[in-house]
């Protein structure tokens, strides 16, 4: 494959191998964001909302 190019050293001979360093950080960031979102959804709702107040669910 490199016989026609003298003095050229190819470190990757497939386009996927060339694209991995560009897309790997984006996939890692997306995986972290998804993991945090899933963990937060499993944890459930917090009752720390100050606007709700203790009497929000009661009917008069």
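The values are calculated or read from the model by the stated rules, or taken from the named source; none is laboratory data. The structure presented is a predicted model; accordingly, all values stated were derived computationally and were not measured. Positions of Cβ are generated from backbone atoms using ideal geometry, with glycine treated the same way; all protein chains shown enter the neighbour counts.
So here's what we get for this one:
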| item | result |
| --- | --- |
| Total residues in segment 11-43, condition exposed (fewer than 10 other Cβ atoms within 10 Å of the Cβ) and not in a helix (DSSP H, G or I) | 3 |
| Only one of 7, 53, 44 that is at pLDDT 75 or above and over 25 Å from the mean Cα position of the chain (by Cα) | 7 |
